[in-house]
Amino acid sequence: MKYVNWGSTDKKVPAIALGCMRMSGIAFEEAVQIVEKALEQEVTFFDHADIYGGGACETVFGKVMREIGCDREKLFIQSKCGIVPGVMYDFSKEHILEAVDGSLKRLGVDYLDALLLHRPDTLMEPEEVAEAFDELERRGKVRYFGVSNQTPMQMELMKKCVRQPLCADQVQFGLAHAGMIRSGFEANMMTDGAVDRDGGILDYCRLHDMTVQAWSPFQYGMFEGVFFKSEAYARLNKKLDEIAAAYGVTNTTIAVAWILRHPANIQVLAGTMNPSRLEEICQAAQLRLTKEEWYALYRAAGNILP
Ligand SMILES: NC(=O)c1ccc[n+]([C@@H]2O[C@H](COP(=O)([O-])OP(=O)(O)OC[C@H]3O[C@@H](n4cnc5c(N)ncnc54)[C@H](OP(=O)(O)O)[C@@H]3O)[C@@H](O)[C@H]2O)c1
């Protein structure tokens, strides 16, 4: 396993984490198998959210931990809160505290290693978030804090009051969703790719020693499907197959290696519930693409170098 820095702390975390968003959609025995496979591959970092499966993903994971007899201290369990599905985003102190209690109960644990705020709430009062974080830390319910889908300015606003370092920003990133780097390549051009949709998240995280967590690494659009075998990504798939054959691995491994090759301290959140696919994903930790291969994949995904 390759390890990346956990924010600005001296802690290291595995560069591949298991995203548990799809865990309520499989049988309990399959959930046991995917967690066992993860641990075998040194994937000890698990990403949750209070809303995944309406809470069921955390419940299943909690049961799996007890079934396997996991040593809690060896796991890094992260959850997220702040979304009230279909209703609003809510960063109020009351909501954050209640959400964490709910996650702890469903998971059957005393503390979360990390809590991320899921999607920015424009009605947020940074003072309230700070109070919530302080209370969670003081009560030993959460060890580290972070955000998800937030721009640099949103993080700066939060940091006006929040004392704890923001360790991570969890954002969509992958070969078919590379806007965060495309706008940098096309800076100041009149091209579509030059549009900065994120305010410079990647550079901000590098400057502030934050871990970037790449969600949905294989999806294109907003959950439109995986780019593997997609006609819309024929050139990318051809290039992936070509490089995969040269290394004797699968296209999945190469797609993950592409993300890990970036020096921005990126952690891949793999959403697979298939143990053999997780093994292919983990093989990427042993592989370092050349710069030429990295750029060839970037261009094959439909991006330009002006
Ligand atoms: N912060 C946020 O807003 C946010 C949003 C979404 C997700 N997340 C996090 O990111 C994690 C990963 O998200 P994700 O599950 O969308 O990521 P993903 O790894 O891109 O997608 C996983 C899905 O794609 C399927 N898949 C993968 N490779 C495939 C292939 N070659 N052919 C066919 N199907 C394939 C998987 O099926 P198999 O199970 O069969 O492999 C699974 O259903 C989530 O679990 C969650 O923790 C965060």
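Observations on the model:
- Normalised per residue, the volume of the convex hull around the Cα set of region 43-179 (Å³): 122
- Taking the accessible area of the chain, probe 1.4 Å, and keeping the other protein chains in place, the carbon and sulfur fraction comes to 50%.
- More than 19 Å apart - percent of Cα-Cα pairs taken over region 206-272: 40
- Once you divide the Cα radius of gyration of the chain by 2.2 N^0.38 Å, the number left is 0.98.
- Hydrodynamic radius by Kirkwood, which averages 1/r over all alpha carbon pairs of region 163-306, in angstrom: 15.7
- All lysines inside 23 Å of K37 as judged from Cα atoms, apart from same-chain residues fewer than 8 positions distant: K2, K12, K63, K74
- Heavy atoms of Y144 accessible to a 1.4 Å probe, total area in Å² rounded to 10: 60
- Since only L123, M158, L107 are under comparison, the one whose Cα sits farthest along the positive direction of the charge dipole of region 104-158, derived from C-beta charges on Lys, Arg, Asp and Glu, is L107.
- Just so you know, the Rg over Rh for region 142-245 is 1.05, from Cα atoms, with Rh as the Kirkwood radius.
- Beta bridges assigned by DSSP with both partners in the chain are antiparallel in approximately 20 percent of cases.
- Converting the Cα gyration tensor eigenvalues of region 1-53 into ellipsoid dimensions via √(5λ) gives semi-axes, longest first, of 24, 14, 6 Å.
- Over the Cα atoms of region 40-86, the radius of gyration divided by the Kirkwood radius equals 1.02; this is the Rg/Rh ratio.
- Mean accessible surface per residue for the chain, computed with a 1.4 Å probe while every protein chain stays in place, in Å²: 45
- Over region 156-200: Kirkwood hydrodynamic radius from C-alpha pairwise inverse distances, Å: 12.5
- For region 160-220 versus region 1-80, the spacing of their alpha-carbon centroids is 24 Å.
The values are calculated or read from the model by the stated rules, or taken from the named source; none is laboratory data. The shown structure was predicted, so the numbers you read here are calculated from the model rather than taken from an experiment. Cβ sites come from the backbone with ideal geometry, for glycine too, and all protein chains shown count toward neighbours. Ligands, DNA and RNA are excluded from the accessible area calculation, which covers all protein heavy atoms including side chains. Shrake-Rupley method; radii C 1.70, N 1.55, O 1.52, S 1.80 Å.
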